[in-house]
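Read the structure below first, then the notes.
The values are calculated or read from the model by the stated rules, or taken from the named source; none is laboratory data. These figures come from a predicted structure and were not determined experimentally. We place every Cβ from the backbone using ideal geometry, glycine too, and count neighbours over all the protein chains shown. Accessible surface is based on the protein model in full, side chains and every heavy atom, while ligands, DNA and RNA are left aside. Shrake-Rupley method; radii C 1.70, N 1.55, O 1.52, S 1.80 Å.
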Amino acid sequence: MTALFLSELLKLKRQPGVLFWGFLAVPAAALAFRIALEGFFLLRYGDFPQARTDMLVSAAQSLGIAGNPVAQLLYAIGVSSVFHVEYRFSTWRNLVPRAGRLPPLAAKFAVCLLCMAIGLGLTVVGDMMLNAGLGLVGDGGSRAPAQAGGVLVLGAAFGIAFLELATLAAIVATLTLLFRSMIAAVIPVFLAGITCAMAQAYFGAAIAGIPMPAFAADAARAWLFAGAEGAYGVGGVGTLLAWLLAAMAAGCLVFSRQPLNTE
Amino acid sequence: MNGADEQDAIAVAGIEKTYGWGGRAFKALDGLSLGVPQGCVYGLLGPNGAGKSTLLRIIAGLVRADRGSVSIFGATASRQSRRRLGMLIEAPAFYPFLTAREHLEMVARTSDSDTNARVEPVLRRVGIGHAADRKVAAFSLGMKQRLGIGCALVAHPDAIVLDEPTNGLDPDGILEMRSLIAELARRDGITVLLSSHLLDEVERVCDRVAILRDGRLAAQGRVADLLDGQARFWLSVDCPQLVLERLAGRADAGDGGVYVRIGREQAPELIRMLSAADIRIFEAKWVKPDLESVFLSETRKAAP
């Protein structure tokens, strides 16, 4: 399993386009967007928009990027590329006889999770460094130091974002395996994400109960930043977990029975 | 027919595989059974659509059989037992962004082989040592074919399965491949199962062959036995027409004489009979067909 994991890492390392656009573009874009926004306020109003922000809570809030449909599109492209490469170059025939069917899938999924975790980590680090830098440049007093409770909030926000991305990865991987196509996996996921975002904007809390991953993740985040009172956030996490497990099981089932006579 | 026994490196029994459903169903394999004895070079022959590639894909675990079983060195085919096989199935398939060395290292690592000790000798053995650190995207088809065989060899296999191993090779490459395959079997004791359309190639390199037709086994055995089994007795006589009349249904004119289909033990009696009939015999000899003739004869027979 370690050998398969290292092989997948090597393949990703040798495809810098996939590595960047699929997994690192989101934290880079999030940081660039924040810098642009803060710069705009500084130039326009001579001050920064946020006041007395806990660095850890700010970093936790920045992890909400995981729920952005455009970010999810980029992650979906990354995940789908990792799985689709074997169909594109007909290389399942080299892997499957020796490694079986499920271990290569597990290795690919693990690599995707690792890259997504690194992406989220970079988002957190980027946000904290930006806040620290802005504290030095602007009114230092407006950037509050980290509070002890912020660590818990950051950890929980990281967990929710990671779970949301893991669910996305499992769904995209399953669709890629099912249709043996990147387009057929990425476009439906993107459209579903956009539709959910629009529905949420129009209908608000009225549709929050629909068990979709996007609504579940938003509910969990809202619960966390509202002080983690009540149990509705746990329901969101539970919905995400159910989607993750169902998508993983479906992916394993599809691939374990898939004839590889024409990859 | 079940050609498998305990000594077989690879054995398949009663394999059935149908692609598609209903009116579009196509039976690729129809109760096929055969055994590849350990240490031999076994050729798999058959026209397009006979089921060769499907059989190799089932052995490799890429396609599931509808019925039947595959065993590898006596164990039911599984991820573990397939690790004893090296495979090159159909066209060689590689990641264009990786080098030849990286491909071999990946295969060796996933097979728990001693990577460093294996990769260099294999690169040299298949003749791509000079291109080891070049990306596969820049490889010719022949170089990819060599790398494919390298991948099949790098993990200490006890048997290798090669689908059209000389595809894309130039004449020198074909010669090298032939001697490599012979060396693998004779020197290293590796069992080789190969499919090829090059009958001359198979005749030169294989000890045994199986001929598939419509997903079934049409003929199987040692190459020498198959050729002997279809050998014909040729006679040069003073009046061929008389011989054709006397042996109606068992003789054909050809090559300036008469070909007679008889068993070896019947030859002395035939000569005595012709001599007694005052037919003068100038020359008599057994003519073995080549594998191509055997192949054509077996594959053109009507399916049972």
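Against the definition (crowded, with 21+ Cβ neighbours inside 10 Å and not assigned by the TED database to the domain that holds B:Asp214), how does B:Ile89 come out, yes or no? Quick ask: steps written out before the conclusion?
Working: crowded, with 21+ Cβ neighbours inside 10 Å: yes; not assigned by the TED database to the domain that holds B:Asp214: no.
In short, no.
Check A:Leu63, A:Leu56, A:Leu73 and return the single one that is away from every other protein chain (no Cβ under 14 Å), open to solvent by less than 10 Å² (accessible area, probe 1.4 Å) and among the aliphatic types (A, V, I, L, M).
The unique qualifying residue is A:Leu63.
Considering only strands (runs of 3 or more DSSP E) fully contained in region B:1-83, which possess at least 3 residues that are within 25 Å of A:Val254 (Cβ to Cβ)? Can you show your working first?
Details: elements: B:8-19, B:26-37, B:41-45, B:67-72.
It comes to B:8-19, B:26-37, B:67-72.
For region B:168-187, which residues satisfy the criterion of being over 16 Å from the mean Cα position of the chain (by Cα), at pLDDT 80 or above and among the aliphatic types (A, V, I, L, M)?
Within region B:168-187, B:Leu175 is the sole residue that qualifies.
Among the residues of region A:186-224, which ones are open to solvent by less than 70 Å² (accessible area, probe 1.4 Å) and of a type in the set (Val, Ile, Thr)?
Listed by number, the residues that qualify are A:Val186, A:Val189, A:Ile194, A:Ile207.
Cβ-Cβ distance below 7 Å, separation of 6 or more or different chains: which pairs start in region B:203-225 with a residue that is without any contact (Cβ under 8 Å) to a residue 60 or more places away in the chain and end on one that is not in a helix (DSSP H, G or I)?
That search, which allows pairs on different chains as well, returns B:Gly221/B:Arg208; B:Arg222/B:Asp207; B:Arg222/B:Arg208.
Could you pull out every one of the helices (runs of 4 or more DSSP H) wholly within region B:124-214 that has 1 or more residues that are crowded, with 23+ Cβ neighbours inside 10 Å and touching a His at 6+ places or on another chain (Cβ under 7 Å)? Give the steps one after another, and end with the answer.
Values: elements: B:141-153, B:171-186, B:199-205.
In region B:124-214, the matching helices (runs of 4 or more DSSP H) lie at B:141-153.
Looking at region B:49-71, I want the residues that are on the phi < 0 side of the Ramachandran plot and more than 10 Å from every other protein chain (Cβ to nearest Cβ) and have a partner that is open to solvent by less than 30 Å² (accessible area, probe 1.4 Å) and part of a helix (DSSP H, G or I) with Cβ atoms under 7 Å, at least 6 apart or on another chain. Which pairs are those?
Once the first residue is on the phi < 0 side of the Ramachandran plot and more than 10 Å from every other protein chain (Cβ to nearest Cβ) and sits in region B:49-71, its partners that are open to solvent by less than 30 Å² (accessible area, probe 1.4 Å) and part of a helix (DSSP H, G or I) give B:Ala65/B:Ile58; B:Val70/B:Ile58; B:Val70/B:Ile59.
With B:Asp238, B:Asp207 as the choices, which residue is over 25 Å from B:Asp8 (Cα atoms) and either modelled with pLDDT of 80 or more or within 12 Å of the chain's Cα centre (by Cα) (or both)?
Step by step, each of B:Asp238, B:Asp207 is checked, and only B:Asp238 is over 25 Å from B:Asp8 (Cα atoms) and either modelled with pLDDT of 80 or more or within 12 Å of the chain's Cα centre (by Cα) (or both).
Which condition number in (1) open to solvent by 10 Å² or more (accessible area, probe 1.4 Å); (2) in contact with a helix residue (DSSP H, G or I) (Cβ under 8 Å, 6 or more places away or on another chain); (3) within 14 Å of chain A (Cβ to nearest Cβ) is the one that B:Thr18 fails?
Only one criterion in (1) open to solvent by 10 Å² or more (accessible area, probe 1.4 Å); (2) in contact with a helix residue (DSSP H, G or I) (Cβ under 8 Å, 6 or more places away or on another chain); (3) within 14 Å of chain A (Cβ to nearest Cβ) is unmet by B:Thr18, namely (2).
Between a first residue in region B:75-98 that is facing chain A (nearest Cβ under 8 Å) and farther than 26 Å from B:Thr166 by Cα and a second residue that is basic (Lys, Arg) and buried (at least 22 other Cβ atoms within 10 Å of the Cβ), which pairs have beta carbons less than 9 Å apart while being 6 or more apart in sequence or on different chains?
Sorted first by the residue in region B:75-98, then by its partner, the pairs are B:Arg79/A:Arg98.
Just to be sure I understand, how many residues within region A:1-35 are assigned to a helix (DSSP H, G or I), hydrophobic (A, V, I, L, M, F, W, C), within 14 Å of another protein chain (Cβ to nearest Cβ) and open to solvent by 40 Å² or more (accessible area, probe 1.4 Å)?
Of the residues in that region, 4 qualify.
Which members of region B:215-235 meet the condition of being assigned to a loop (DSSP other than H, G, I, E, B) and modelled with pLDDT under 85?
Within region B:215-235, B:Gln230, B:Ala231 meet the criteria.
With respect to A:Cys252, is the statement that it is surrounded by fewer than 22 Cβ atoms within 10 Å (Cβ to Cβ), at pLDDT below 90 and in contact with a helix residue (DSSP H, G or I) (Cβ under 8 Å, 6 or more places away or on another chain) true? Walk me through how you get there before you give the answer.
Values: surrounded by fewer than 22 Cβ atoms within 10 Å (Cβ to Cβ): yes; at pLDDT below 90: no; in contact with a helix residue (DSSP H, G or I) (Cβ under 8 Å, 6 or more places away or on another chain): yes.
When the stated conditions are applied, A:Cys252 does not pass them.
Could you list, in sequence order, the residues of region A:92-127 that are more than 14 Å from chain B (Cβ to nearest Cβ), over 18 Å from A:Phe20 (Cβ atoms) and buried (at least 18 other Cβ atoms within 10 Å of the Cβ)?
A:Phe109, A:Val124, A:Asp127
Kindly provide the set of residues from region A:178-229 that are assigned to a loop (DSSP other than H, G, I, E, B) and of a type outside the set (S, T, N, Q), ordered by number.
Once the filter is applied, which keeps residues that are assigned to a loop (DSSP other than H, G, I, E, B) and of a type outside the set (S, T, N, Q), region A:178-229 yields A:Arg180, A:Met182, A:Ala208, A:Gly209, A:Ile210, A:Pro211, A:Met212, A:Ala226, A:Gly227, A:Ala228, A:Glu229.
Consider B:Glu120 against the criteria (1) part of a loop (DSSP other than H, G, I, E, B); (2) away from chain A (no Cβ under 14 Å): it satisfies all of them except one. Which criterion is unmet?
Among (1) part of a loop (DSSP other than H, G, I, E, B); (2) away from chain A (no Cβ under 14 Å), the lone unmet condition for B:Glu120 is (1).
Scan (1) open to solvent by 20 Å² or more (accessible area, probe 1.4 Å); (2) touching an Asp or Glu at 6+ places or on another chain (Cβ under 9 Å); (3) in contact (Cβ under 8 Å) with a residue 60 or more places away in the chain for the single condition A:His84 breaks and write down its number.
Only one criterion in (1) open to solvent by 20 Å² or more (accessible area, probe 1.4 Å); (2) touching an Asp or Glu at 6+ places or on another chain (Cβ under 9 Å); (3) in contact (Cβ under 8 Å) with a residue 60 or more places away in the chain is unmet by A:His84, namely (2).
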